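Undergrad: Right, I'll just put the structure down here and ask away after.
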Amino acid sequence: MQLNLASSIEPFVQKYLRIPVFYVVPDPNWALGLEEILPWYAVVCADDSPTVDYLQGKGIPVFCVQRDLPELFFDFKRSSSSLLRLPEVQDFIRETSRGEQPRIMVFKTSPALEKAAEDLGYHLLAVDSRLNRRFEDKISILSELEILGQGAIPSLIGRVSDLSYAHLNKSLGDRFVIQFSRGFAGNSTVFIASEDEFREFARHHQERRIKCSKLIRGQSLTIDACVASGGTLFSHYFYQIIGEQEYNRFAGGTSGNDYAYDFRFSPAVDEHIRSLVTAMGEYMKKQGYRGIFGLDMIVDNETEQVYIIEDNARLVASIPVFTRLQTLDSEVPMALIHLLEHLRIPYELGAEAYNEQLWHRRQASQLILRNTEEDDIFFSSCPQSGIYSRGGAFKRSGCSLQEAAAADEFVLLASSPGRSIGSNIEYAQVQRPCGIIGSDRTMSTETRALVQRVKDMFQRKAAVL
């Protein structure tokens, strides 16, 4: 069946997707986007938030550990595999599935998650965890890019004790970037600007294996892409907010995206980006990959060379917002295509026409607020999620940019009180129907003031031990 226009989505899903799909994820905000598309959709999450009420108000069944099993919540490991192992969750899935095989959608797979799904007879909608690790590992991706023959930043790999600053300085320059193989929200990236800094780093990590890369001075961007049966699908690139330590405690950490930012790249750079994404997608497809992935890239200011920083071989944090933006623009959501690929449901979609349809900037942005302290924090009071005026006044309920039509409004997705927020863990999202990064690549003063008003709405007390 042809699937080229948003008008064709409803008859398609009614015919082929009347099956139970469960998004199993710690944070319910990650499950947003598909609730108004899939006819048989349910969510299993760990954290309570107003998003749970929003989903239930849409008729979506939700099992929330913090709400439904409060006695277990504070000792509960926040992972999808742990969620699936709970007997109460299994009962919820069985009752909601009504005899059909449950299909399990996850943000990121793991061996433990695969084992849980296999033991329980669930159909896991994700690539093999070994394939995910192969591409997402920040060290091994260098080998993949070298095989691809393009996109690799000049780098050296080795154990810290075997690397000298003099050699790294000679090979990579005065400043370089160190990455461990795995990390989250920037905690595996370290910037080195002197021998003293490297010596201090080495003192703590002698036996660790690392990748040291040349520091590229340029504009960082990210692209949502999908390995599909008809080719590699991809969005227009958008600005990746990095280094805002007011919102992420790590210098290399990301804090959201600006979909409206105008990079003003030349047509040659545009074409280089498109060809590199396509080449990476086709290479991943040959290795057995299918579905959504995200590429973080950087364009050198001087040479206009395009490099791949990371390949996030999984669903990515921008997908919930991007799905809503695609719906607003009457596009077939990439998240839906991701599901079709993992369900092996045949469909017709012209990749070239689809990519042209998506190749435009969008008037939207998302800023993620994280706990920037080393210790946990505990909120005794949190603001209500919903639509707010620019001045910080609550206007009405809502969880998406579809419901914040005015330029002077924003969406706030806030955590609920009563849980401990770990170091660098997200506690709120601010979404705006406009850009927030200026041409000088700095966040506007008006946006900073708005976000400060949001942060002031959270009342905290000493961390729970």
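The numbers here are math on the coordinates, done by the rules we state, and not lab data. All values derive from a computational prediction rather than experimental measurement. We place every Cβ from the backbone using ideal geometry, glycine too, and count neighbours over all the protein chains shown.
Undergrad: Restricting things to alpha carbons, find the Rg to Rh ratio for the stretch 6-126 using the Kirkwood radius for Rh.
TA: Answer for the stretch 6-126: 0.96.
Undergrad: Please state, rounded to one decimal and in Å, the Kirkwood hydrodynamic radius that the chain gives when every pair of distinct Cα atoms enters the mean of 1/r.
TA: Here the Kirkwood hydrodynamic radius works out to 23.1 Å.
Undergrad: When DSSP assigns beta bridges and you keep just the ones with both residues in the chain, what percent turn out antiparallel, to the nearest 5?
TA: Expressed as a percentage, antiparallel bridges in the chain total about 80.
Undergrad: I need to check one value: relative contact order of the chain, counting alpha carbon pairs closer than 8 Å and at least 6 residues apart, in percent.
TA: Computed value for the chain: 15 percent relative contact order.
Undergrad: May I pose another question? Could you work out the relative contact order of the stretch 6-126, using alpha carbon pairs under 8 angstrom and six or more residues apart, expressed as a whole percent?
TA: Details: 181 pairs, mean separation 31.2, N = 121.
Answer for the stretch 6-126 is 26 percent.
Undergrad: Follow-up. What ranking of VAL13, VAL411, VAL24 emerges when the number of other C-beta atoms within 10 Å of each C-beta is taken as an exposure proxy, fewest first?
TA: Ranking VAL13, VAL411, VAL24 by Cβ neighbours within 10 Å, fewest first, gives VAL13, VAL411, VAL24.
Undergrad: Another question, then. Sort ILE436, ILE345 by Cβ crowding within 10 Å, fewest neighbours at the top.
TA: Listed from fewest to most nearby Cβ atoms, that is ILE345, ILE436.
Undergrad: Then there is this: Return TRP40, TRP30, TRP359 ranked ascending by Cβ neighbour count within 10 Å, so the fewest neighbours appear first. Let's see the in-between values first.
TA: Values: TRP40 18, TRP30 21, TRP359 13.
The most exposed by this proxy come first: TRP359, TRP40, TRP30.
Undergrad: For the stretch 12-20, take each phi angle, set θ = phi - 60°, evaluate the Karplus expression 6.51 cos²θ - 1.76 cosθ + 1.60, and give the result in whole Hz per residue in order, putting x for glycine and proline.
TA: For the stretch 12-20, the Karplus curve yields 5, 5, 5, 7, 10, 10, 7, 9, x Hz.
Undergrad: Using amide H atoms built 1.01 Å from N in the peptide plane, name the residues 5+ places from LYS395, or on other chains, whose amide H lies under 5 Å from its own.
TA: ILE387, TYR388, SER389
Undergrad: I'd like the Karplus ³J(HN,Hα) series for the stretch 326-337: coefficients 6.51, -1.76, 1.60, θ = phi - 60°, whole numbers in Hz, and an x wherever there's a Gly or Pro.
TA: In residue order, the calculated couplings are 5, 4, 4, 9, 6, 10, 6, x, 4, 5, 5, 5 Hz.
Undergrad: Taking DSSP loops as anything outside H, G, I, E and B, show the longest stretch in the chain free of trypsin sites (Lys or Arg not before Pro) there with at most 15 other beta carbons within 10 Å.
TA: Working: sites that count: ARG18, LYS58, LYS77, ARG98, ARG175, ARG182, ARG208, ARG217, ARG264, ARG344, ARG441.
Here the longest run is 345-440.
Undergrad: Determine the shape class of the stretch 218-461: with a ≥ b ≥ c the square roots of the Cα gyration tensor eigenvalues, call it rounded for a/c under 1.5, and otherwise prolate if a/b is greater than b/c, oblate otherwise.
TA: Because a/c hits 1.5 or more and a/b exceeds b/c, the stretch 218-461 counts as prolate.
Undergrad: Between their Cα atoms, which of LYS15/LYS115; LYS211/LYS286; LYS108/LYS138; LYS138/LYS211 are more than 19 Å away from each other?
TA: LYS15/LYS115; LYS211/LYS286, as the Cα separations exceed 19 Å there.
Undergrad: Amide H to amide H under 5 Å from VAL44: which residues, 5+ apart in sequence or cross-chain, H placed 1.01 Å off N in plane?
TA: TYR23, VAL24, VAL25, PHE63
Undergrad: 222 nm [θ] for the chain, helices only, -39500 (n - 2.57) per DSSP H run of 4+, per residue, to 500?
TA: Calculated at 222 nm, the ellipticity per residue is -9000 deg cm²/dmol.
Undergrad: Using each residue's phi in the stretch 383-396, evaluate 6.51 cos²θ - 1.76 cosθ + 1.60 at θ = phi - 60° and report the 3J(HN,Hα) Karplus result to the nearest Hz, with x for Gly and Pro.
TA: x, 6, 5, x, 9, 10, 6, 4, x, x, 8, 5, 10, 6
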